[in-house]
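Structure record follows, encoded as structure tokens.
The numbers here are math on the coordinates, done by the rules we state, and not lab data. No experiment lies behind these values; they were computed from the predicted model shown. A quick note on method: Cβ atoms are made from the backbone with ideal geometry, for glycine too, and the neighbour counts reach across all protein chains shown.
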Amino acid sequence: MRRFAIIGGSGLDRLGALQISARHAVVTAYGAPSATLCEGLFAGSPVFFLPRHGETHALPPHRINYRANIAALRQAGVTDILAVTAVGGISAAAAPGAIVVPEQIIDYTSGREHTLYDGVNATLEHVDFSQPYTERLRRLLLDQPDHGAVVDTGVYGATQGPRLESAAEVKRMAQDGCTIVGMTGMPEAALAREAGLAYATVSLVVNWAAGVGGEATISMDDIYRHLEVGMAAVLQRVGRAITAGLSQPDPA
Ligand code: HPA
């Protein structure tokens, strides 16, 4: 049986619509996750919820214990993770307000604990990461005709943060093929793969990336406005994806 989890990002530190039935203070071999895991019903489906920045949004991207988060979800029996991220838009299709379900990722982060294979247990596996996101989950997020536009391709560039990028950095990322930029996509996606969990990201574009939209600077007010306006549609999409996913036969 599949068990879904939602990892919330900026603008989703609490899942107001979750009817909570249990809270799990999980301890893992990698330490404590960002918050207590909440279990409950969301849009009629059983889910776990974990806010990656913590309940009060106090954890910056480079301080998140991604390994503990993924390990905690695995310990709770989660099989499928839908990760919500806020991003800047680089390509024309990724305008503020757009919802993107990327299919590739480039990692520009540094100094983060990024693997479960750190030599301690004398085990090592070089996991395949050619397709970093689970296509079955991407389809659940995407195949929702009649429910608004969604960008069904894209390359997520994961930067270190917490500062935003320079215009030149974004230009280089565009040359690399990035279409959106965020700070938390890695190592989360890779750790989920190492842990054997299905994983996909749905990204809400909350600003034009630095130097892209014709503005000299990025306004935090605009970012908060897009977060507030756009997150409801993202959550509806996530809810429908989980309902559909739970009614599918178990993947082989
Ligand atoms: N860059 C990096 N992360 C982000 C951005 C951005 O422009 N917007 C929201 N998260």
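Data overview
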{"quantity": "Mean-position separation - Cα centroids, region 1-20 and region 91-145, in angstrom", "calculated": "18"}
{"quantity": "Alpha-carbon centroid distance for the pair region 32-85 / region 188-252, whole angstrom", "calculated": "14"}
{"quantity": "Antiparallel DSSP beta bridges within the chain, percent to nearest 5", "calculated": "35"}
{"quantity": "Computed lengthening from GLN248 to GLN104, 0.36 nm per intervening residue step minus Cα-Cα distance", "calculated": "49.4 nm"}
{"quantity": "Linear extension gain, LEU41 paired with VAL229, 0.36 nm per residue minus alpha-carbon span", "calculated": "65.4 nm"}
{"quantity": "Axial C-alpha extent at least 27 Å, average Kyte-Doolittle at least -1.0 - helices from the chain (DSSP)", "calculated": "220-247"}
{"quantity": "Extended-chain gain in nm, criterion 0.36 nm per residue less alpha-carbon gap, ASP146 and LYS171", "calculated": "5.5 nm"}
{"quantity": "P(r) tail fraction, the chain - alpha-carbon pairs more than 33 Å apart, %", "calculated": "13"}
{"quantity": "Charged-residue dipole, Cβ positions (Lys, Arg, Asp, Glu), region 4-247 about Cα centre, Debye nearest 20", "calculated": "320"}
{"quantity": "Using a Förster distance of 22 Å, the FRET efficiency for ALA92-GLU215 (Cβ separation, nearest 0.05)", "calculated": "0.90"}
{"quantity": "Label-point separation, ALA58 to ALA32 (7 Å along Cα→Cβ), nm", "calculated": "0.9"}
{"quantity": "Extreme residue, positive dipole direction of region 1-64, given options THR28, GLY8, LEU41 (C-beta unit charges)", "calculated": "THR28"}
{"quantity": "Two-site label geometry, THR153 and ILE20: point separation in nm, points 7 Å out along Cα→Cβ", "calculated": "4.2"}
